[in-house]
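Everything on this sheet refers to the single structure shown next.
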Amino acid sequence: MPDTAPNPAPDPIHDRDVAATPDRKIIHVDMDAFYASVEQRDDPTLKGKPVAVGGSRERGVVAAASYEARTFGVRSAMASVTARRLCPDLVFVKPRFEVYKEVSQRIRAIFAEHTDLIEPLSLDEAYLDVTHNRQGLASATAIAEQIRGRIRQDTGLTASAGVSYNKFLAKLASDHRKPDGCFVITPRMGPGFVETLAIGRFHGVGPATTAKMNELGIFTGLDLRDKPLAFLQQKFGKAGAHYHAIARGIDHRPVRTDRVRKSAGAENTFPRDLTDFAEMRDCLRPIIDKVWRHCEGAGLRGRTVTLKVKYDDFRQITRSRSVPGGFGNSAEVERAGLDMLAALFPMSKGVRLLGLTLSAFDRPLFENNSQLSLGI
């Protein structure tokens with residue numbers, strides 16, 4: 001993999017860490033604004049316009065936003081009313097998950113022309129291990145460019161790709177030159193690249209963890225690298241070892257073809273504690289909609305809904321409800337979630353976080369979707 005940026009100055013510690021990393025060639029492929037791009041492709045009148053897939057003008061949340069909409073600040077999982085306020089000319093389009101799934105399968109077939117080691121994360125992104133590939137190509141960058149070209153030719157859509165020696169860095173690389181870009185992070189570049197990143201850019205470090213790290217004086221990858229392993233384990237439990245490793249550009253996780261997501265969830269930490277049921281209900285609904293959209297898009301049906309509540313004193317509780325045949329639509333999930341929330345009242349404490357998880361997947365909404373797994 002050729003360097004795409006000046007190499008950082010040699011660092012003995014970094015050299016030892018990189019040397020301990022297996023010599024692998026990993027590609028992360030991420031479709032550009034996938035749902036919205038499919039809609040713009042199929043309806044020429046939408047090209048160049050700000051498009052939101054999902055939701056409506058009055059309620060619901062945005063499942064995906066075109067790049068034109070993103071320039072106004074519209075993002076996925078945003079409440080539709082907020083998106084509309086940011087972009088008055090926003091065009092709402094009903095999602096067509098059967099179409100997205102069909103396009104995803106065509107893209108997956110392109111991946112399979114190069115390697116069997118494919119780990120789908122959702123309909124629009126996947127990891128590929130091309131260390132040993134079908135064409136016998138030495139350059140993972142060349143493979144990534146071939147894949148991007150074929151995707152454009154066969155589907156009329158664009159994809160971004162990240163190439164590196166592990167999954168963590170490949171994911172960062174694919175985000176680096178979106179949309180329609182390809183970026184390479186070599187073993188010599190890896191540790192230095194991580195140092196300069198804001199901690200919120202780290203895949204897997206959400207807003208709540210970012211806030212906690214900021215409170216501990218961790219704002220960049222370099223700040224994270226400077227914290228001892230024991231300190232990170234004390235503050236973040238089992239995740240501490242992972243944070244310690246990725247701050248050094250190390251990630252030994254293999255590309256797993258048998259990756260099966262056992263649950264799908266989302267949560268939100270609020271800027272102020274909530275005490276009123278109506279307010280909590282309105283905050284929980286976008287969370288429910290986000291989870292359902294992901295499950296619907298991946299063709300997954302769950303039998304168990306779990307509500308998570310974290311109080312202002314950081315005490316956390318969960319409540320679960322199951323149905324034998326699985327939840328068939330978002331209204332059923334919403335009813336279960338709100339019923340469990342209502343049962344917690346009256347409350348003597350404020351609520352700082354609400355979350356909801358759908359699990360016990362046993363029956364797909366679509367046929368032949370075993371190759372798809374869900375990442376939120």
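What follows draws every value from the coordinates through simple rules; no lab data is involved. All figures in this text were calculated on a predicted structure; none of them were measured in a lab. Note: ideal-geometry Cβ built from the backbone for every residue, glycine included; neighbour counts use all protein chains shown.
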For this session: Please report, in Å, the Rg and the Dmax of region 49-205, where both are computed over Cα atoms only.
Result: 17.5, 53
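Only loop residues by DSSP count here, and only those with at most 15 other Cβ atoms within 10 Å; note down the chymotrypsin sites (Phe, Trp or Tyr not before Pro) in region 142-236 that meet that.
Details: sites: Y165, F168, F183, F193, F202, F219, F231, F236; in loops: Y165, F202, F219.
Listed in order of number, the matching sites are F219.
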For this session: Could you point to the residue in T115, F327, N214 farthest towards the positive end of the chain's charge dipole, with +1 and -1 charges on the Cβ of Lys/Arg and Asp/Glu respectively?
Result: F327
Exercise. Which of the aspartates and glutamates could be linked to K308 by a straight reach, that is with a Cα gap under 12 Å, when you skip same-chain ones fewer than 8 residues away?
Worked result: E267
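What does the helix-only formula give at 222 nm for the chain: each DSSP H stretch with n ≥ 4 adding -39500 (n - 2.57), the total divided by the residues, and the result rounded to the nearest 500 deg cm²/dmol? Before the final figure, lay out each step's value.
On the way: 14 runs with 141 residues, N = 376.
Calculated from helices alone, the mean residue ellipticity at 222 nm is -11000 deg cm²/dmol.
Counting other Cβ atoms within 10 Å, keep those with at most 16, restrict to DSSP loop, and tell me which chymotrypsin sites (Phe, Trp or Tyr not before Pro) in region 277-333 are left. All intermediate terms of the calculation are to be shown ahead of the outcome.
Values: sites: F277, W292, Y311, F314, F327; in loops: F314, F327.
Within region 277-333, the qualifying chymotrypsin sites (Phe, Trp or Tyr not before Pro) (loop, at most 16 other Cβ atoms within 10 Å) are F314.
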Exercise. What is the list of residues in region 283-297 whose amide nitrogen lies under 19 Å from a point 7 angstrom out from the Cα of R321, following Cα to Cβ?
Worked result: 283-293
Exercise. Of K101/K167; K94/K349; K212/K349; K49/K167, which ones are farther than 30 Å apart at the Cα?
Worked result: K94/K349; K49/K167
For this session: Provide the descending list of Cα extents for the chain along its principal axes, expressed in whole angstroms.
Result: 60, 52, 42
Problem set entry | Magnitude of the charge dipole, region 263-361, Cβ model with Lys/Arg +1 and Asp/Glu -1, debye to 20 | 260 debye
Exercise. How big is the Rg/Rh ratio for region 120-252, C-alpha atoms only, Rh by Kirkwood, two decimals?
Worked result: 1.03
Exercise. Sorted from largest down, what three extents in whole angstroms do the Cα atoms of region 34-93 have along their principal axes?
Worked result: 26, 17, 15
Exercise. Classify region 196-246: rounded, prolate or oblate, from the alpha-carbon gyration tensor (a ≥ b ≥ c, eigenvalue square roots; a/c under 1.5 rounded; otherwise prolate if a/b is larger than b/c)?
Worked result: rounded
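Indicate the gyration tensor shape class of region 203-329 (rounded, prolate or oblate), computed on the Cα atoms with a ≥ b ≥ c the square roots of the eigenvalues: a/c under 1.5 is rounded; otherwise a/b larger than b/c is prolate and the rest oblate. Before the final figure, lay out the partial values.
Details: a/c = 2.47, a/b = 1.38, b/c = 1.80.
In terms of gyration-tensor shape, oblate.
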